[in-house]
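These notes concern the structure reproduced below.
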Amino acid sequence: MKTSRVAALLLLAAVALAGCGGPAARWIDEAAAAHAQADAFVRGGEPARAARVLDELVSRPVPAGVAAQDRRAVLQDAYARLAGLALGQRAPAQALRYAEAGLALGEARDVFTSALRTSRGRAHEGLGQDAEAARDYEAAQVVAEALLQQALSGRGAQ
């Protein structure tokens, strides 16, 4: 989901600018580079290579010093992108595994949870699991509505 990627990149930039230093800063930089490389592969018509880059990102250990909410956001964004790539390759079972791995990191009322719920819903739909898909779409919509309400009330950038 493009909105999720933009939010994650903004988060990555903010964390990097905050000067967390050392291995944590390198991990954040590596995550941003992995997303940029994946973007290039997708633009070049190589979604499988993009998926490999993002798979490597989520497989690496997260260094100490990365705040829990930053860890979750970065990894969930990558899992959502992986799920989207799998869906694009008509692999809903793989997309479901990625979405569930991302959601296993925790849920919040943010774009990352919404993107993963939507991806999981699309995966369920692709597998013919309509009731599960509907539940995920509804959960994603609840989060999206809460985010919209926050933005409209002026609390969107908290």
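The values are calculated or read from the model by the stated rules, or taken from the named source; none is laboratory data. This structure is a prediction, so every number in the text was calculated from the model and none was measured. We work out accessible area using only protein heavy atoms, side chains counted, and drop any ligands, DNA or RNA first. Shrake-Rupley method; radii C 1.70, N 1.55, O 1.52, S 1.80 Å.
Below is a table of values for the structure above.
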quantity	calculated
Cα centroid separation, the stretch 115-139 to the stretch 40-68 (Å)	23
Heavy-atom accessible surface of the stretch 17-158: percent carbon and sulfur, 1.4 Å	52
Probe 1.4 Å - accessible area at residue 82, Å² to nearest ten	0
Shape of the stretch 3-152, Cα gyration tensor, a/c cut at 1.5	oblate
